[in-house]
Amino acid sequence: EENASLIGQTDIPKCVVENVRSTTAPPSRWTSNSLEDFSLFVILNLAQWPISRDSLIKAGAVDVIKPIMSEGDLQGLKATMACGFLDANWDAFPEGGNPAAKSVSELMTNIIEKKGKDGQYAYGVFKLYTATKAYRDLGRAAARTGQAESTTKVLAFPSAVALCFQIISDLVISSTDDAEGGSKYVPDAASAEYAVGAIEAMLPAILQAANPARKSVQSEKATAEISQMLHTYADVSGTSDEAKTCAKNAAAKIREAGSSARPILEISHDLWTQYRKREGQPLDQFISSEKGIEADINGPLDFLPCNNPD
């Protein structure tokens, strides 16, 4: 970030934007490490940090790289993430944001599974914090439209939502010395923070109620467990104030939604639970004890009629 700030005060942002602007070769013909390929990668990296990001915006980077998103493949992925970082309007993303959601969520998955994508990128080229920040910023762009429930739904498909839950909970587990289980990929604090931001941005779609409305035990369980996980994350040492606020706001909204069925949340929660089972993680770690359930050698008794003296 320090280097990006220094670069942002030079003419480099303007130069790399001009390199892409002036090329006559289509992105599909750019070779690896060509001037255009290198310049777009520099734009992607500088777009992630405040001072250099502002310099790119002033240089007109969004208008220059926006058409590249429709190319797909590696150049389209880089342009998509950069446009997210540069606060491009949601309508700038092709096909209602579908390709953007698919390509960036796939990148997050590949990074966590420690693999690349044939013909596009090798493992290690992109960092998880870059991919999660891009997904968060795509979510925020979609939420700014004034029709957040419909626009964020493109991003809030269950496997992507579950992946964000996984990143957050894996960080929580890695921060607990006596925790059982673990992940093959331990996320960094920034990645978890961006995953929380992505969840908060996608909440209008994640919490969309079933039609017709109905009660759901699964949704009650999911809202309680996920909100508790977010509160636990907020208490992890080193979590930024912004991330704490974001996590607590999301937790409150999710907890309040437990009174009726939330299909996307239910499926996402189930996928997240399946992941934790595979990894051998404790499934009771985020079960809230607020009810104060009594127990004896036979287990919890709160469901028995005789347990309540009234």
Residue count for the range 255-274, restricted to those that are in contact with a helix residue (DSSP H, G or I) (Cβ under 6 Å, 6 or more places away or on another chain) and farther than 13 Å from P158 by Cα:
4
Going through the range 253-310 in order, the residues found to be open to solvent by less than 90 Å² (accessible area, probe 1.4 Å), of a type in the set (D, E) and either modelled with pLDDT of 80 or more or closer than 30 Å to A198 by Cβ (or both) are E266, D270, E279
Return the only residue of L40, L86 being crowded, with 19+ Cβ neighbours inside 10 Å and touching a residue at least 40 places away in the same chain (Cβ under 8 Å).
L40
What are the pairs, 6+ residues apart or on separate chains, where a residue within the range 6-26 that is under 16 Å from N45 (Cβ atoms) and open to solvent by 40 Å² or more (accessible area, probe 1.4 Å) has its Cβ under 9 Å from a residue that is of a type in the set (D, E, K, R) and part of a helix (DSSP H, G or I)?
K14/K58; N19/E36
Considering only residues of the range 178-191 that are among the hydrophobic types (A, V, I, L, M, F, W, C) and farther than 15 Å from A134 by Cβ, which is modelled with the lowest pLDDT?
A179
Could you list, in sequence order, all residues of the range 184-241 that are open to solvent by 10 Å² or more (accessible area, probe 1.4 Å), acidic (D, E) and in contact with a Ser or Thr (Cβ under 9 Å, 6 or more places away or on another chain)?
E193, E220
Going residue by residue through the range 117-125, is there one that turns out to be hydroxyl-bearing (S, T, Y) and under 25 Å from D270 (Cβ atoms)?
no
Are there helices (runs of 4 or more DSSP H) fully within the range 33-152 with at least 1 residues that are within 16 Å of the chain's Cα centre (by Cα)? List them.
73-85, 98-112, 128-143, 148-151
Listed by range, helices (runs of 4 or more DSSP H) wholly within the range 185-289 having at least 1 residues that are in contact with an Asp or Glu (Cβ under 6 Å, 6 or more places away or on another chain) are 189-206, 217-234, 241-256
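The values are calculated or read from the model by the stated rules, or taken from the named source; none is laboratory data. Everything quoted here is computed from the prediction, not taken from an experiment. Using ideal geometry, Cβ is built from the backbone for each residue, glycine included, and neighbour counts are taken over all protein chains shown. Only protein heavy atoms, including side chains, enter the accessible area calculation; ligands, DNA and RNA are left aside. Shrake-Rupley method; radii C 1.70, N 1.55, O 1.52, S 1.80 Å.
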